[in-house]
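Undergrad: Let me begin by handing over the structure; questions about it come next.
The values are calculated or read from the model by the stated rules, or taken from the named source; none is laboratory data. As the structure is a prediction and not an experimental result, all values here were calculated from the model. We place every Cβ from the backbone using ideal geometry, glycine too, and count neighbours over all the protein chains shown. These accessible areas exclude ligands, DNA and RNA; they are computed on the full protein's heavy atoms, side chains included. Shrake-Rupley method; radii C 1.70, N 1.55, O 1.52, S 1.80 Å.
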Amino acid sequence: MKAILCSQYCGPDDLVLTEVPDPVAGPGEAAIVIKAAALNFFDLLMIQGKYQVKPPFPFSPAAEVAGIIESVGSGVTGLKPGDRVIASCGHNGAREKIALPATSIVKIPAELDFDRAAGVIITYGTALHALEDRASPKPGETLAVLGAAGGTGLAACELGKLLGLKVIACASSDEKLEFAKAHGAELGLNYATEDLKEGLRRLTGGKGVDIIFDPVGSHYAEAALRSIAWEGRFLVIGFAAGDIPKMPLNLALLKGCDIRGVFWGAWARLNPEKNRANLERLVQWAAEGKISSHVDRTFPLAQTADALKVLAGRKAMGKVILHP
């Protein structure tokens, strides 16, 4: 089968398309013919050796896949060849087939296409865990989403609205803000043209934001934290802007607020049943059109480098999908 391989830490152009042996489903596993593999910003960091997870070489990027069960190993129940499924794989999604533990695989309904299904797992899984389990949300509270047009940001906008929050999209262009408003955001703030702290205070009538969802980091994080409401919750999702901010802890004291880390991958491993239930809900919501799982663009497997460059340039609004 064909696979994109990273054999040393490198940039997108150094990835190689080659042939590797087909996987065999071992005990408790199922082999999947991959129809769509979703990319995330951390795939860039992973191939560069800058991510906290460092797979052994050689590996493929892409941590979430959708496809069809080809075969199952001994001891597997509830899955059979021909089933349409999604799975979180951590890496190795940018290839034609993969064998994974059956416990990591979730069936999808016929009305949900593979491209949208592949993009549900990580971004929506992260956003749902962040908002439900970490944010202690109350209906009617304000939610500011930084990087609102990206994959995780868009998921937070849509799920925030579903959970009864008043969503403020924050992004670097008016085009991205309009996109976020079409997907759940009620208000928008362009932090390329307006000061983020003052803008969020203005949009909340001086009260400040109850929940801040930050997958961006860098200098945006402190500016957002300075706009937080009394007893607000600042959710640390990631650092797409590159720099990991060092927050002045006196702000937490003065605001009586919480800074809460959101590491969906670790939480999912520690809470597999709750995570599976979340994914089953998200798949159903996507099939029903309650969440868009919007696909920005698709690329054939041979153009994985081009797909990763879209993410590197922060050009994607929604998900970037590979077609093996």
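Undergrad: Quick check on Gly82: is it at pLDDT 95 or above and either of a type in the set (A, V, I, L, M, F, W, C) or in contact with a strand residue (DSSP E or B) (Cβ under 8 Å, 6 or more places away or on another chain) (or both)?
TA: Details: at pLDDT 95 or above: yes; either of a type in the set (A, V, I, L, M, F, W, C) or in contact with a strand residue (DSSP E or B) (Cβ under 8 Å, 6 or more places away or on another chain) (or both): yes.
For Gly82, the condition - at pLDDT 95 or above and either of a type in the set (A, V, I, L, M, F, W, C) or in contact with a strand residue (DSSP E or B) (Cβ under 8 Å, 6 or more places away or on another chain) (or both) - is met.
Undergrad: Look at Gly160 and say whether it is in contact with a strand residue (DSSP E or B) (Cβ under 7 Å, 6 or more places away or on another chain) and either open to solvent by 20 Å² or more (accessible area, probe 1.4 Å) or over 18 Å from Gly26 (Cα atoms) (or both).
TA: Values: in contact with a strand residue (DSSP E or B) (Cβ under 7 Å, 6 or more places away or on another chain): yes; either open to solvent by 20 Å² or more (accessible area, probe 1.4 Å) or over 18 Å from Gly26 (Cα atoms) (or both): yes.
In short, yes.
Undergrad: Ok, one more. Of the numbered conditions (1) at pLDDT 95 or above; (2) under 23 Å from the mean Cα position of the chain (by Cα); (3) in a helix (DSSP H, G or I), Ile211 fails exactly one; give the number of that condition.
TA: Evaluating Ile211 over (1) at pLDDT 95 or above; (2) under 23 Å from the mean Cα position of the chain (by Cα); (3) in a helix (DSSP H, G or I) leaves (3) as the failure.
Undergrad: List the residue pairs whose Cβ atoms are under 8 Å apart, where the first residue sits in region 187-200 and is over 16 Å from Leu225 (Cα atoms), the second is outside any helix (DSSP H, G or I) and polar (S, T, N, Q), and the two are 6 or more positions apart or on different chains.
TA: Taking only residues 6 or more apart or on different chains, the pairs are Asn190/Ser172; Asn190/Ser173; Ala192/Ser172; Ala192/Ser173.
Yes/no per residue for (1) more than 20 Å from Arg276 (Cα to Cα); (2) under 15 Å from the mean Cα position of the chain (by Cα):
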position	(1), (2)
Gly26	yes, no
Ile32	no, no
Gly49	yes, no
Ser60	yes, no
Ala63	no, yes
Val72	no, no
Leu79	no, no
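Undergrad: Output the number of residues of region 25-35 satisfying the condition of being in contact with a Leu (Cβ under 7 Å, 6 or more places away or on another chain) and part of a loop (DSSP other than H, G, I, E, B).
TA: So in region 25-35, the residues in contact with a Leu (Cβ under 7 Å, 6 or more places away or on another chain) come out as 29-30, 32.
Subset that is part of a loop (DSSP other than H, G, I, E, B): none.
Of the residues in that region, 0 qualify.
Undergrad: While we're here: Would you mind telling me which numbered condition in (1) modelled with pLDDT of 95 or more; (2) outside any loop (DSSP other than H, G, I, E, B) Gly205 fails?
TA: Looking at each condition in turn, Gly205 falls short on (2).
Undergrad: Tell me, which residue of region 217-262 that is touching a Gly at 6+ places or on another chain (Cβ under 9 Å) and of a type in the set (Val, Ile, Thr) is most open to solvent (accessible area, probe 1.4 Å)?
TA: Once the filter is applied, the top-ranked residue is Ile244.
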